[in-house]
Every structure is written in C-alpha cells, then in structure tokens.
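Single-structure report; data block below.
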Amino acid sequence: MTFSLIGRCARTGQFGAAATTSSLAVGARVHAVAPGVGAVLTQHRTDPRLGPRGIGLLRSGCSAEQTIAALVASTPDHQWRQLAAIDAAGRTAHFHGARVKPEHGAAHAQDVVAIGNILSSSRVPDAMAAAFAAEPGLPLAERLIRGLEAGEAAGGEHGAVRSASLLVFGDHDFALVDLRADGHDQPIPALRALWEEYAPVVDAYVVRVIDPDNAIAL
C-alpha cells in the first residue's frame with residue numbers, strides 16, 4: 001500500500017523523492033537519493049538495503065535500467081519487491097516482482113518515474129508522473145508534492161495512508177529538504193503544510209552550512 005515517485009530537475013540538477021503509505025515512517029524505508037547521482041525506490045515488502053545498494057550502482061556508472069537489473073539479479077526475494085531508479089541523465093526504470101499485490105503500476109515521463117502497489121486504480125502512477133512533468137520550472141520539491149497530491153486525487157491506495165515524506169538533494173552532500181509526516185490521518189496535506197512553511201528558509205539553511213558568517217537568524 002504505497003505510492004511514490006522519484007525525479008530530477010534538469011534546470012538545477014536536483015534529485016528527489018516523495019512517498020506515502022498506510023504504515024508509519026515511509027521516509028525511513030522507501031527512498032534513497034544522492035546528489036548528482038540519482039535516486040532509488042524500494043517498496044511493497046520493502047527491503048531498505050536496496051536503496052543504498054542501488055545508489056552505489058548508479059554511482060559506479062550504471063544506468064537506471066542496469067541498476068534495476070542488477071538489484072533484481074542479486075536479490076533472492078525479488079518477487080516481493082517493487083523497485084524504481086532514476087540516473088544522472090534522467091533515465092528511468094522500474095521492476096514489479098511477481099508477488100507484488102495489485103492494483104500495481106508504474107509511469108514514466110521526462111525526468112520522473114512513479115510506482116505504486118495495492119492501489120485503488122491503475123491511473124494513480126500516470127496521474128503522479130503527469131503532475132510532476134506539467135510545470136518543470138517549479139521547485140523540485142513542489143513538483144514532487146504535486147505528484148503525491150495527484151496520486152491521491154486519482155484514487156490513491158486501496159485504504160488510508162498514514163505517513164508521507166519528501167527528500168531533495170541539491171549540490172551538496174546534505175539534504176536540501178527532508179520532511180516527514182508520520183502517524184497522521186492526512187499525511188499528504190500535512191506534508192504540504194510542512195513544505196510551505198519550510199520553502200522560504202531552504203536557502204538560508206544552506207547558507208548556515210557553507211557560509212556561517214553570513215547566516216541569518218531563523
């Protein structure tokens with residue numbers, strides 16, 4: 001019972017992910033993102049080890065397709081896994097194991113892949129990818145949240161979601177945005193509210209890291 005997406009901003013070079021699910025702490029398990037490298041999703045019977053392993057493959061020069069193929073080949077329980085990857089060039093790939101429960105699906109658009117399982121409708125991933133791709137000039141975090149919102153509007157999961165997460169990396173080896181709503185009756189609107197509060201100070205927190213002499217009080 002999870003739907004998620006990973007994407008790249010061609011304008012800024014940022015990579016990011018957004019996810020929501022019916023259980024707690026989706027942000028701790030489902031996505032892995034690395035600056036300048038790409039991102040990986042691992043869900044259904046989630047194996048969080050596959051995210052960092054996939055990032056390692058992308059970093060070694062594997063394409064998204066090669067990364068997914070290698071993860072599947074090296075994972076004995078791959079029939080339970082649902083995976084996706086995006087590489088540094090914005091190429092995408094996904095995998096549905098034979099035991100991933102329906103309704104499941106995936107959708108690809110420019111610089112984005114969306115996947116989901118135990119969905120109310122096969123339209124959910126298509127709606128997510130389309131919403132992400134609709135306005136490429138917006139901040140990546142905004143586009144990712146719009147993808148989640150579109151997935152929910154298209155029917156979402158076959159049941160209620162309880163957690164949602166947003167993770168974006170820019171030019172540095174620390175997260176530009178890392179927000180989570182856990183144990184919430186409406187985690188996607190809660191994540192939206194967190195992002196709207198955090199968006200005006202994103203750059204200020206970067207300045208605190210790279211130029212503390214010129215940091216402002218927050």
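The values are calculated or read from the model by the stated rules, or taken from the named source; none is laboratory data. Not measured: the values here are computed from a predicted model. Cβ placement follows ideal geometry from the backbone for every residue including glycine, while neighbour counts extend to all protein chains displayed. Surface accessibility is based on the protein's heavy atoms, side chains included, excluding ligands, DNA and RNA. Shrake-Rupley method; radii C 1.70, N 1.55, O 1.52, S 1.80 Å.
Residues in region 155-163: is at least one open to solvent by less than 70 Å² (accessible area, probe 1.4 Å) and more than 18 Å from VAL30 (Cα to Cα)? Explain how you work it out, then say what you get.
Here is the first cut: in region 155-163, the residues open to solvent by less than 70 Å² (accessible area, probe 1.4 Å) are 155-157, 159, 161, 163.
Checking the rest, the ones that are also more than 18 Å from VAL30 (Cα to Cα) come to 155, 159.
Looking through region 155-163, at least one residue is open to solvent by less than 70 Å² (accessible area, probe 1.4 Å) and more than 18 Å from VAL30 (Cα to Cα).
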* In region 34-63, which residues are within 24 Å of VAL100 (Cα to Cα), in contact with a helix residue (DSSP H, G or I) (Cβ under 8 Å, 6 or more places away or on another chain) and touching a residue at least 60 places away in the same chain (Cβ under 8 Å)? -> LEU41, HIS44
* Determine the pairs where a residue that is within 16 Å of ILE6 (Cβ to Cβ), located within region 166-183, has a partner that is open to solvent by 30 Å² or more (accessible area, probe 1.4 Å) and among the charged types (D, E, K, R) with Cβ atoms under 6 Å apart, the partner being 6 or more residues away or on another chain. => LEU167/ASP178
* If ILE86 passes every condition in (1) under 17 Å from the mean Cα position of the chain (by Cα); (2) at pLDDT 95 or above; (3) surrounded by fewer than 24 Cβ atoms within 10 Å (Cβ to Cβ); (4) hydrophobic (A, V, I, L, M, F, W, C) but one, which one does it miss? -> (3)
* Asked: In region 91-109, is there at least one residue being open to solvent by less than 10 Å² (accessible area, probe 1.4 Å), closer than 15 Å to ALA18 by Cβ and touching a Phe, Trp or Tyr at 6+ places or on another chain (Cβ under 6 Å)?
  -> no
* Quick one: would you say LEU58 is in a helix (DSSP H, G or I), buried (at least 20 other Cβ atoms within 10 Å of the Cβ), hydrophobic (A, V, I, L, M, F, W, C) and at pLDDT 95 or above? -> yes
* Asked: Can we say LEU24 is touching a residue at least 40 places away in the same chain (Cβ under 8 Å), out of contact with any Phe, Trp or Tyr (no Cβ under 7 Å at 6 or more places or on another chain) and assigned to a loop (DSSP other than H, G, I, E, B)?
  -> yes
* Asked: Any idea how many residues of region 184-194 are surrounded by fewer than 20 Cβ atoms within 10 Å (Cβ to Cβ) and either touching a residue at least 24 places away in the same chain (Cβ under 8 Å) or part of a helix (DSSP H, G or I) (or both)?
  -> 5
* Structure fact -> Residue count, region 127-177, condition within 29 Å of LYS101 (Cβ to Cβ) and not in a loop (DSSP other than H, G, I, E, B), comes to 24
* Filtered residue count, region 42-55, keeping only those that are within 19 Å of ALA18 (Cβ to Cβ) and assigned to a loop (DSSP other than H, G, I, E, B) -> 2
* Just name the residue that is most open to solvent (accessible area, probe 1.4 Å) out of those in region 64-83 that are of a type in the set (S, T, N, Q) and free of Cβ contacts under 8 Å to residues at least 40 places away in the same chain. => GLN66
